[in-house]
Amino acid sequence: MRVVALVPGSIDNQILFFATLDDLKRYYPDAQIDVIVEPKSKAAYRVSKSVHDVLTFDYKDRNSLADWGNLVGMIRDREYDVAIIVGQSWLVGLLMWLTGIPTRIGYQGQGAVFLTNPITPNLSQYVAKVYHDLLKPLKINTSCPPLSVNVPKVDIEWAQEEQKRLGVNESGFILINAGETNLDTTYPLESWQNIIAACQEKQPDLPVVVIKEADNELFVRSILEHCHNIKVTSPDDIGKLTAIIGGASLMLSVENSLLQLSIAVETYTIALLNSTDSEKLLPTSEKVLAITSPTGKLADIAPQIVLEKIWGG
């Protein structure tokens, strides 16, 4: 069986879809599963264990008829048996119908008239479960499995050496994912400073490591100026990121793709969220705690609340 999944969205959307891909592969081990994702999200599949090929298409771009025609031709040439469409788009539904794929699965809504197996999405549940429901037409009716990833050996080895460089390979460490520092999902620098200082005072032998990325260099620089003995790691791909997260004792994270990686590697995670809708991005797990802003603004989460979750949650 040859399956293609059309999965628009960011890297965290892809990771949330991994459970669906993994269960599909588990029930149909001989299936060839390809995905078509936006170029910015292709990197996620470095840590996927179930996908054969990753193709790219910018669903949100101002695509010409020729661009859409090329997509149809590419899909038709590969002679897929099943198409799984994540999202609701009249145009994508029409194009999948034009490909002639016999089984076309997607959600009720725009474009559903072109599907052979439309399903009604239950949007009140965990997002990974919403995706997993797309497998029901393929007679897969089991519960959604936990998110999981497959980290390349070279990335695990890099993380081991990185922990030695940081001096945290023996002690364990708290890992901080502050995300981008110019968005509404930014948690204030002063609040991070208070949390870090309190952690260092209570557990002076437990190092604190901050993840530095291209979009938060200013934040990291400011943290280094105000907090002593902070360690910094800068993994340059998602495999290394996943491996270093997997080695942490605790991950403090805002809402982004790194949060989903932490869940997938089962690192104890405290997620700082700005809305109750964001809670749908988290599974029910003893290793995942959510702190949701009472006002919808991340900045209004008091550091003391976070510290109570760290030491008493």
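Odds and ends about this structure:
- Built amide H within the under 5 Å cut-off of ASN274, gap 5+: SER293
- The chain: angle of helix 65-77 to the longest principal axis, Cα-based, in degrees nearest 10: 80 degrees
- Each part reduced to its alpha carbon centroid, region 241-313 and region 146-202 end up 12 Å apart.
- Applying a DSSP loop filter and a limit of 13 other Cβ atoms within 10 Å to the trypsin sites (Lys or Arg not before Pro) in region 9-99 leaves LYS49, LYS60, ARG62.
- Considering region 160-308 at the alpha-carbon level, its Rg and Dmax are found to be 14.2, 42 Å.
- Sequence-distant aspartates and glutamates (8 or more away, or on other chains) whose Cα lies within less than 13 Å of LYS153: GLU161
- Cβ-placed point charges (K, R +1; D, E -1), dipole of region 165-226 about Cα centre in debye, nearest 20: 180 debye
- Spread over its residues, the convex hull of the C-alpha atoms of region 75-170 is 177 Å³ per residue.
- For a straight C-alpha distance cut-off of 13 angstrom, the aspartates and glutamates reachable from LYS42 (same-chain residues fewer than eight places away being disregarded) are ASP12, ASP34, ASP53, ASP58, ASP237.
- Within region 17-113, the proportion of C-alpha pairs whose separation exceeds 24 Å stands at 20%.
- Shown here are the Rg and Dmax of the Cα trace of region 1-66, at 12.2, 38 Å.
- Rounded tilt (10° steps) of 153-166 against the dominant C-alpha axis of the chain: 20 degrees
- In this Cβ point-charge picture (+1 for Lys and Arg, -1 for Asp and Glu), the chain has a dipole of about 700 debye about its Cα centre.
- Within region 112-175, GluC sites (Glu not before Pro) in DSSP loop having at most 12 other beta-carbon neighbours inside 10 Å: GLU170
- 222 nm mean residue ellipticity, helices alone, for the chain (DSSP H n ≥ 4; -39,500 (n - 2.57); rounded to 500): -11000 deg cm²/dmol
- Candidates per trypsin sites (Lys or Arg not before Pro) in region 105-196, loop by DSSP, up to 14 other Cβ within 10 Å: LYS139
- Solvent exposure of THR103, expressed as accessible area, is near 40 Å², computed with a probe of 1.4 Å over the protein chains only.
- GLU79 accessible area, 1.4 Å probe, all protein chains in place, Å² to nearest 10: 140 Å²
- C-alpha long axis of helix 11-27 to longest principal axis of the chain, angle in °: 60 degrees
- Counting Cα-Cα pairs of region 181-239 in 10 Å increments starting at 0 gives whole-percent bin shares of 21, 52, 26, 2.
- For the chain, modelled as a GNM whose springs connect Cα atoms under 10 angstrom apart, the maximal fluctuation among LEU55, LEU123, LEU24 occurs at LEU123.
- Most mobile of TRP90, TRP158, TRP192 in a GNM of the chain (Cα contacts under 10 Å): TRP90
- Computed log₁₀ I(q)/I(0) - Debye formula, equal Cα scatterers, no solvent, the chain, q 0.07, 0.09, 0.14, 0.16 Å⁻¹: -0.31, -0.50, -1.06, -1.28
- Cα-Cα over 26 Å, subset of LYS60/LYS136; LYS25/LYS212; LYS231/LYS309; LYS25/LYS129: LYS60/LYS136; LYS25/LYS212
The values are calculated or read from the model by the stated rules, or taken from the named source; none is laboratory data. Here the structure is a predicted model, which means the values were calculated and not measured. Note that we place each Cβ from the backbone using ideal geometry, even for glycine, and neighbour counts take in every protein chain shown. Calculation scope for accessible area: heavy atoms of the full protein, side chains included, ligands and nucleic acids excluded. Shrake-Rupley method; radii C 1.70, N 1.55, O 1.52, S 1.80 Å.
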